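The values are calculated or read from the model by the stated rules, or taken from the named source; none is laboratory data. Small disclaimer: the values here were computed from a predicted structure and weren't measured. Because the Cβ atoms are built from the backbone with ideal geometry, glycine has one as well, and the counts that use them run over all protein chains shown. Areas reflect the complete protein model, heavy atoms only, side chains present, ligands, DNA and RNA absent. Shrake-Rupley method; radii C 1.70, N 1.55, O 1.52, S 1.80 Å.
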Amino acid sequence: MASSSKLNAKIPEGTLEQKWTKYRSNVHLVNPANKRSLEIIVVGSGLAGSSAAASLAEMGYKVKVFCFQDSPRRAHSIAAQGGINAAKNYQNDGDSVYRLFYDTIKGGDYRAREANVHRLAEISGSIIDQCGAQGVPFAREYGGTLSNRSFGGTQVQRTFYAAGQTGQQLLLGAYSALQRQIGMGAVKLFARHEMMEVVKIDGKARGIIARDLITGKLERHFGHAVLLCTGGYGNVFYLSTNAMGCNVTAAWKAHKNGAFFGNPCYTQIHPTCIPVSGDHQSKLTLMSESLRNDGRIWTSKIQNDARKPNDIPDEERDYFLERRYPAFGNLVPRDVASRAAKERCDAGFGSGASKMAVYLDFAANTERYGKIETTKHNLHNPSKEEIIRLGKAVIKEKYGNLFDMYKQITGEDPYEVPMRIYPAVHYTMGGLWVDYNLMTTVPGLFALGEANFSDHGANRLGASALMQGLADGYFVIPYTIGDYLSEEIRTKTISTDNEAFLIAEAKVQDHIHKLMNIKGSKPVDHFHKRLGKIMWEKCGMARNKEGLNWAISEITSLRKEFWSDVCVPGEANEFNPELEKASRVADFLELGELMCIDALDRKESCGGHFREEYQTEEGEALRDDKNYAYVAAWEYKNESDFKLHKEELNYENIKIAQRSYK
Amino acid sequence: MSQGNMNLTLKVWKQKNKNEKGRFETFDAKGISPDMSFLEMFDVVNERLISSGKEPIAFDHDCREGICGMCSMYINGRPHGPKQGVTTCQLHMRSFKDGDTIVVEPWRSAAFPVIKDLAVNRSSFDRIIASGGFVSVNTGNAKDANNILIPKHDADDAFNAAACIGCGACVAACKNSSAMLFVSAKVSQLALLPQGQFEKKERVLNMVKQMDEEGFGNCTNTGACEAECPKSISLENIARMNREYLKASFS
Ligand SMILES: Cc1cc2nc3c(=O)[nH]c(=O)nc-3n(C[C@H](O)[C@H](O)[C@H](O)COP(=O)(O)OP(=O)(O)OC[C@H]3O[C@@H](n4cnc5c(N)ncnc54)[C@H](O)[C@@H]3O)c2cc1C
Ligand code: SF4
Ligand code: FES
C-alpha cells in the first residue's frame, strides 16, 4: 500500500529519537519584527487553544481567540478529571520516553503515527514543568514532591493530577497565561462567538466568519493562519460526557472547505460512567478512570440477580476484568474494559433497573487503606469500624469530589454501596487530518487538540488527551507554524471586504436564514436525540455491516426531515441558543453519515472500532494489518459523497503485534 | 419524554435584552421526574414551549457537571438553589416537592448585565484575572517541576482556593454585589505558592483596582458568599487577601 499523493505527512528524516530535535534546529523561523505583523486566529480556548494562543502571543504574533462560552475558562477541558501523563519517571518505576511512546502506540492498537507519538512523549515532561511554574496546584507528597497515580493501559505510575479536577487546574493555568496576554493587548478575545465558516483565498485559509452570539451579527476576521482548537465531536451521539455545547461545526466547515477528515469512526466509549436514568437525560457523567486504581469491577455470577450488591457474597461475584485480563486487571485500556462490561450486561449479568450496569466497588481498598492508616498511627488492635472509617477518609481525599458528584446524581452513597457504572461516549480519536506540523490539507489551516486525529490511533489511553492538547499548544505549534508563516511574511493584511469574505459571509447568512424559516413542528433536540440513538446503536460499541448500512439510510432521511420540519424559535439577530443548537445539529447530521461510511469501510476491528464480523475466538478485536494499517482521510466531494485517501502507517521502531493485556 | 409525577409552577424572569425591562412570567412544569436535574426540567419546559410555538427561556449552561461555572440561576432567593455545595446543573428535582412554586431569576449585579432572561454577562471576571491573576512565566522558561518543592499542606490550601469555578454566585449572594470571594480565591492560590511570590504585591493591588472599576460593591463581611459558593471557597481567603492588600499598600 502506498499513501495517497494528496497526503504528505511531512515526517522529518532521521531516527525516531532525533526527528523532533533536528526538526527544531532546522525549522524556518520568523524574526521578531515580522511576527508583529502576522495575525493568527485561534478558534477554541480549551487546553489546546489557550496554550497555543498564549504561547504565540508571547512570541510576538498578533492573536485573536474565539470561543462560544462566555469565558475562555469554560471550555470543556475544564471537566477533565483524572490526570495528565508525563514520562518523568519520578516514581523510579522504569518509565521513559520510549515506554510512554510504546504504551501509546500499543494502546492505540497500532493505528497512530510513530513520529507524532514519539514527539508527544518527548514533550510530556516539559508540560508538567510549565504548568508547575504557572502555579497549577498538582497533588503532592508530604516531602513536597509531585504525586503520581496509575491509569489504564500502563504498568507504571506516570499520571500527574490535582484531585479529580486536573483539567480544571490545567485549563485555569493556560487561561491565566492567556488572560495575561489579553491584559497586555497581545491577544484579542472574542467570547460568545461561534465560528461559522472558513475563508479561503487562493487555496489558503485566510480567516473566518464568526457569529456574535449575543447580537447575532456576523463578523469577518482575517488571519495569516487559522488554528482550529475546537475539541471533539462526541455529541453526535447526543448523550456523551461532553458538555452540551461541544460540536463539530468548525471542523466540519473546514472539512467542507477541503480539509480531509481522519478516521471519523474512531470513537472512545469510556467504561466508567453513571448509567442513563431516563429519557429526560441530557448528558452523561464520567466517573474518572483514576477510580479504577482503587475500585474493583464486578457483576454477580448469577444472571438477573435481584439481590442488593452488599448482599452478594464475594464468592458469588465475577470480577470479570481480573478474570479475563490477569496482567492488567481493572486497568486494561478503555475499549477493552467497555466491551467486557457490555458483554456481561448483554449476557444478562447486569444490575439496576435497566440491567445495563456493572459495579465499581471500593470496599476492598477502603479496608486496605484503613489498615495502612492504623499502622501509620500506631493503633493496635483497631476495630473493623475504625479501619473502615480511616480507609474512607483516604478514599475521600483521593476521590471526594467524584463520590459527591455520584451521590448528587444517583441519590446513592458510594461510600456505602458500590457505584453502578456503564460505558458512555467520551472522546473522539478521529478528527481533522493533520501533518507533522499540525496543518490540515488546507494550507494555513491547522488543527490542535482533540479536533485533530493525530496521536491516539484507534484508542486513546487515559490522561493522554490533556497531554496532547498542551503539547500541541505550548510546544509544537510555536515551532511548526514557523514553517508556514516564514513564507507568509510578505502577505499584507487582507481586507475583510475582499470578495472571498463577502461570499463566505453570504453563505452563512443564507444558512441561518434557511434554518430560521423552516418553522417546522419539532424542536432541535428531537432530531438530535434520534440521531444519537441511531449512532449509539449502530456505530457505537459494536458495529456490523448491516447495521451501518441501515444507519446511513436512516441518517440521510432524518437529515431531510430536519431540513423540512425543525422549529427554531426567536430571531436570528439576538441571543438565540436554539439557533446555535440547530446549526450544530445540522452539521452532526452530515458527520454521522461519514462516521458510518468510515466504519463500514474499515473491515477489521481495532481499538474503539469493533466490527462484530472481525473478532478472535475470545471476543477480542481482530486487526487486519495487511489491509488496514492506514489512516483513513476522507475528502468531501458533495453531500453524501466522500472520497477515501489512505496514509500508510509504517512501524519502523515498534514490532506490530496482537495487543494483549492478559 | 420520560414522565414523572411532580407538577410545579415556575415564575421565571424574562427579559429580551439588556436594554429592555424584564418581568416575571409564570410557566407550568408538569410531569417532572425527581431524577431530572434542574436544567433538564428547564429542557422539558422549553421543549414544550417550542412545540407550542412559544419562545423558550434562555439560560446559560454547558458542562452540566458543576465544573465549568456557566450555569447561573437564582432559585427561590438563593444562587444555585436550596442545596449547599452544588451548582444549578447539579441540583436535582428531588430537592423540591410536588406542587412547589419556584422563582427563578438571573444573577443580579451592576457588573453582570443581563443578556437575555437568565443569562448574564460575566466578562468582568475575565478582566479581573487579566489584571493580575497569573504568574508571569512564558512558555519554555520552566525548570524541572520537582525543583519547586511545596509542603503538601500549602499545596492543598492553594488547590482549595483554586477550585473556584468563576460562576459569580458569590456576587449574586452578596447584598453589596461584592466580588471579594472570587478575587481572593485567585490571590490566595498564588500567595500560598512559591511561584506566586515575586508578583505578590502588584497582583493584589491590580486585581482589587480592576474589581473596583468593574462596579462590584464593597465587602462588609456578611459571609453570604461563602454560604452560597458551590465550591465552598472559604472566607479565610478574603482575610488573606486583605492582609496581602495591606502589606502591599504600605510597602
Ligand atoms: C468528562 C471528561 C473527562 C476527561 N478527563 C480526562 C483526563 O482525566 N485526562 C485526559 O487526558 N483527558 C481527559 N478528557 C479528555 C480531554 O479533556 C479533552 O480531550 C481535551 O480537554 C480537549 O481539549 P481541547 O482544547 O482540544 O478542546 P476543548 O477543551 O473542548 O475546547 C474546545 C474549544 O473550542 C471552542 N469551540 C468549539 N467550536 C467552536 C466554534 N464553532 N466556534 C468558536 N469556538 C468553538 C469552545 O468554545 C472551546 O473553547 C476528559 C474529557 C471529558 C469529557
Ligand atoms: S468563589 Fe464560589 S461562588 Fe464565587 S465565583 Fe468562585 S466558585 Fe463561584
Ligand atoms: S453547567 Fe457547568 S457548572 Fe453548571
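Values computed for the structure shown
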| item | result |
| --- | --- |
| So residue A:501, is it touching a strand residue (DSSP E or B) at 6+ places or on another chain (Cβ under 6 Å), closer than 26 Å to residue A:607 by Cβ and at pLDDT 95 or above | no |
| Restricting segment A:78-115 to residues that are within 12 Å of ligand 1 (Cβ to nearest atom) and among the β-branched types (Val, Ile, Thr), the residue that is farthest from the chain's Cα centre (by Cα) | A:104 |
| Helices (runs of 4 or more DSSP H) (entirely within segment A:415-531) containing at least 2 residues that are surrounded by 24 or more Cβ atoms within 10 Å (Cβ to Cβ) | A:465-470, A:477-485 |
| Near pairs, Cβ below 7 angstrom, 6+ apart or cross-chain, from segment A:232-258 (within 11 Å of chain B (Cβ to nearest Cβ)) to any residue that is near ligand 1 (Cβ under 7 Å from one of its atoms) and assigned to a loop (DSSP other than H, G, I, E, B) | A:242/A:232; A:245/A:68; A:245/A:69; A:246/A:231; A:246/A:232 |
| Flag if residue B:176 is assigned by TED's automatic domain parsing to the domain that holds residue B:128, more than 16 Å from ligand 3 (Cβ to nearest atom) and touching a Ser or Thr at 6+ places or on another chain (Cβ under 8 Å) | yes |
| Near pairs, Cβ below 8 angstrom, 6+ apart or cross-chain, from segment A:269-284 (at the interface with chain B (Cβ under 7 Å from one of its Cβ atoms)) to any residue that is in a strand (DSSP E or B) | A:282/B:37 |
| Test: residue in segment A:568-581 that is open to solvent by 10 Å² or more (accessible area, probe 1.4 Å), within 12 Å of chain B (Cβ to nearest Cβ), in contact (Cβ under 8 Å) with a residue 40 or more places away in the chain and touching a Pro at 6+ places or on another chain (Cβ under 6 Å) | yes |
| Residue in segment B:158-165 that is open to solvent by 10 Å² or more (accessible area, probe 1.4 Å), touching a residue at least 60 places away in the same chain (Cβ under 8 Å) and more than 8 Å from chain A (Cβ to nearest Cβ) present | yes |
| Residue B:185 vs. criteria farther than 15 Å from residue A:136 by Cα, near ligand 2 (Cβ under 9 Å from one of its atoms), surrounded by 23 or more Cβ atoms within 10 Å (Cβ to Cβ) and not assigned by TED's automatic domain parsing to the domain that holds residue B:79 | no |
| Any hit, segment A:604-626, residues being of a type in the set (Gly, Ala, Ser), assigned by TED's automatic domain parsing to the domain that holds residue A:524 and free of Cβ contacts under 8 Å to residues at least 40 places away in the same chain | yes |
| Yes/no for residue A:546 being over 24 Å from the mean Cα position of the chain (by Cα) and open to solvent by 30 Å² or more (accessible area, probe 1.4 Å) | yes |
| Residue match in segment B:145-164 (condition: in the same structural domain as residue B:191 (by TED's automatic domain parsing), within 15 Å of ligand 2 (Cβ to nearest atom), under 17 Å from the mean Cα position of the chain (by Cα) and not in a helix (DSSP H, G or I)) | yes |
| Filter result (at pLDDT 95 or above and either on the phi > 0 side of the Ramachandran plot or of a type in the set (A, V, I, L, M) (or both)) within segment A:305-325 | A:312, A:321 |
| Positions within segment B:58-78 being away from ligand 3 (no atom under 15 Å from the Cβ) and at the interface with another protein chain (Cβ under 8 Å from one of its Cβ atoms), in sequence order | none |
| Selection within segment A:285-303 - within 14 Å of chain B (Cβ to nearest Cβ) and in contact with a strand residue (DSSP E or B) (Cβ under 6 Å, 6 or more places away or on another chain) | A:286, A:287 |
| Condition check for residue A:2: in contact with an Asp or Glu (Cβ under 8 Å, 6 or more places away or on another chain) and in contact (Cβ under 8 Å) with a residue 40 or more places away in the chain | yes |
| Of all residues in segment A:189-218 being surrounded by fewer than 17 Cβ atoms within 10 Å (Cβ to Cβ) and among the charged types (D, E, K, R), the one that is nearest to residue A:174 (Cα to Cα) | A:212 |
| Boolean, residue B:96 is open to solvent by less than 40 Å² (accessible area, probe 1.4 Å) and either in contact with a helix residue (DSSP H, G or I) (Cβ under 8 Å, 6 or more places away or on another chain) or within 16 Å of ligand 3 (Cβ to nearest atom) (or both) | no |
| Identity of the residue in segment A:281-337, aliphatic (A, V, I, L, M) and not in a loop (DSSP other than H, G, I, E, B), that ends up farthest from residue A:242 (Cα to Cα) | A:321 |
| Sole residue being facing chain A (nearest Cβ under 10 Å), open to solvent by less than 40 Å² (accessible area, probe 1.4 Å) and either more than 28 Å from residue A:137 (Cα to Cα) or not charged (D, E, K, R) (or both), chosen from B:47, B:55 | B:47 |
| Residue list for segment A:130-171, filter: in contact with an Asp or Glu (Cβ under 6 Å, 6 or more places away or on another chain) and within 11 Å of chain B (Cβ to nearest Cβ) | A:147 |
| Residue under evaluation residue B:170, criteria (1) closer than 19 Å to residue A:165 by Cβ; (2) more than 14 Å from ligand 2 (Cβ to nearest atom), criterion not met | (2) |
| Tally of residues being buried (at least 23 other Cβ atoms within 10 Å of the Cβ) and away from every other protein chain (no Cβ under 14 Å) across segment B:188-210 | 2 |
| Near pairs, Cβ below 7 angstrom, 6+ apart or cross-chain, from segment A:458-472 (closer than 11 Å to residue A:170 by Cβ) to any residue that is within 16 Å of ligand 3 (Cβ to nearest atom) | A:466/A:80; A:466/A:167; A:469/A:46; A:469/A:77 |
| Options B:33, B:37: the member that is open to solvent by less than 20 Å² (accessible area, probe 1.4 Å), over 28 Å from residue A:516 (Cα atoms) and in contact with a strand residue (DSSP E or B) (Cβ under 6 Å, 6 or more places away or on another chain) | B:37 |
| So residue A:557, is it open to solvent by 20 Å² or more (accessible area, probe 1.4 Å) and part of a helix (DSSP H, G or I) | yes |
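Yes/no matrix, rows are residues, columns are (1) aliphatic (A, V, I, L, M); (2) more than 16 Å from ligand 2 (Cβ to nearest atom); (3) in contact (Cβ under 8 Å) with a residue 12 or more places away in the chain:
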position	(1), (2), (3)
A:42	yes, yes, yes
A:46	no, yes, yes
A:49	no, yes, yes
A:57	yes, yes, yes
A:72	no, no, yes
A:80	yes, yes, yes
